[in-house]
Amino acid sequence: MSKSQQMSQSQREVQQGLPALLKRLWRYGVVLTGDSETAHELVQATCLRALEKCEQFQAGTDLARWTYTILSSIWKNELRSRRIRMGQGFVDAEIALVADGVREMDTNLLARQVLKEVERLPEGQREAVFLVYGEGLSYKEAADVLDVPTGTIMSRLAAARAKLAGLKDRGDQMIPAE
């Protein structure tokens, strides 16, 4: 395959694949920014950059991983330019989850508690939890997205699991008795 054919294949894959990734990118943006509006702007910037740099995408590889890397890079650059340290993560769990009926109420209550606990994790741990457990990336893929060693991802996840382990022990207290 010639370079021009390869570039057009890359361009096609990016253009066709981006719409399906918008919700996932937005969720990652919310994890990073803690704000749905900022996440929306971050996704727009990510899509624009992906379209501008589509010739750099290797056709046949994981478009989601590539766009997560772009989104993460844009956010880090934004933080550097503003010289701000963000201490908050997820959008408020009360807003993010809605009870869809009596049957699912208990599940949503527990999920809300879990999200509140994850929200309290340090930023690096929140990102690792989202990418590995939320999006199903491998440790190596998450490490590539965050531009850190795989061992760092493993360490962050271990620390997050240790902090969240208390939820299991407190589970009976979180869901009101019927």
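Just a few scattered comments:
- Charge sum, other residues only, whose C-beta stays under 13 Å from Val148's C-beta, Lys/Arg counted +1 and Asp/Glu -1: -2
- The label point for Lys53 and the one for Thr38, both projected 7 Å from the Cα toward the Cβ, are 2.1 nm apart.
- Fraction in percent of alpha-carbon pairs per bin - 5 Å, the range 1-86: 3, 15, 26, 22, 14, 10, 6, 3, 1, 0
- Sequence-ordered 3J(HN,Hα) estimates for the range 131-138 from the Karplus curve with 6.51, -1.76 and 1.60 and θ = phi - 60° stand at 5, 7, 8, x, 10, x, 6, 6 Hz, glycine and proline given as x.
- Charge tally around His40: other residues with Cβ under 12 Å, Lys/Arg +1 each, Asp/Glu -1 each, net -1.
Bear in mind that the values in this text are calculations on the coordinates, not laboratory data. Just so we're clear, the structure is a prediction, and the values are computed from it rather than from any experiment. Methodologically, a virtual Cβ is constructed for each residue, glycine included, from the backbone with ideal geometry; neighbour enumeration extends over all protein chains shown.
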